[in-house]
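Everything below concerns the one structure shown next.
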Amino acid sequence: MAEKTIKLTRSGREKLVAELEDLKKNRRPQVIERIRRAKDYGDLSENAEYEDARNEQSFIEGKIQEVEYILKYADIVQNGHHGNEISLGSEVVVVIDKEKAKYEIVGSAESDPLAGKISSESPIGLALVGKKTGETVTAQTPGGPLEIKIEKVS
């Protein structure tokens, strides 16, 4: 079965590699130590510290698997320099409702709207990809249509 490739920018890949290293070298050993200490408290059936540490361990192990999967199937894209056409990796300055905003178009795995990184698969990302400076596009968002004027692409 062919696995789906996951689009990542070079900086997104670097961030995931650093996160994986932190999970394996810092957080995993910390939680293992918490479990060891909690076992010393005695009866595990009523040991809230042990239960909490085991839940954290499950979360960390799941996160490690998720990051390893993303990195294994990552397709690293060059930061978007297709003239002034928006592509994955492009940084854009847009005007939405008379407010300027700056976004970087990224793959869904590294999307973080609060940090200005929007997925190329999101409604706004879909509306912007392939467009050029000076164009006005309409994104079909859950809140209704949103008009976006593209001021700058880099």
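Determine the sum of side-chain charges near residue 93: Lys and Arg each +1, Asp and Glu each -1, restricted to other residues whose C-beta is under 12 angstrom from that of residue 93. List each step's numbers first, then the result.
Values: positive: 100, 102, 149, 152; negative: 91, 99, 104, 151.
Neighbourhood net charge equals 0.
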**Q.** Option label - mean projected area of the Cα convex hull in nm² computed here, alternatives (i) 11.4; (ii) 10.8; (iii) 12.7
**A.** (iii)
Q: Pull up all non-local amide H partners of residue 74: gap of 5 or more, or a different chain, and H-to-H distance under 5 Å with H placed in the peptide plane.
A: 6
Q. When each pair of different Cα atoms in the range 1-48 is counted once in the 1/r mean, what is the Kirkwood radius in angstroms, to one decimal?
A. 13.9
Q.
So for the chain, averaging the separation of alpha carbon pairs under 8 Å that are six or more residues apart and normalising by length, what relative contact order in percent results?
A. 22
Q: Report the net charge of residues surrounding residue 106, where surrounding means a beta-carbon distance below 9 angstrom and charges are Lys +1, Arg +1, Asp -1, Glu -1.
A: -1
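Cβ under 12 Å from residue 137's Cβ, residue 137 left aside: what net charge do those residues give with Lys, Arg +1 and Asp, Glu -1? Don't skip to the end; give the middle numbers.
Working: positive: 131, 132, 149; negative: 135, 147.
Summing Lys and Arg as +1 and Asp and Glu as -1 gives +1.
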Q.
Can you give me the angle between helix 28-39 and the longest principal axis of the chain, using Cα atoms only, in degrees from 0 to 90, rounded to the nearest 10?
A. 30
Q. Residue 152 to residue 15: FRET efficiency via 1/(1 + (r/R0)^6), r the Cβ-Cβ distance, R0 41 Å, to the nearest 0.05?
A. 0.95
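Read-outs: derived from the displayed coordinates by stated rules, not from any lab. Keep in mind it's a predicted model, so treat the numbers as computed, not measured. With ideal geometry, Cβ positions are generated from the backbone for all residues, glycine too; neighbour counts draw on all protein chains shown.
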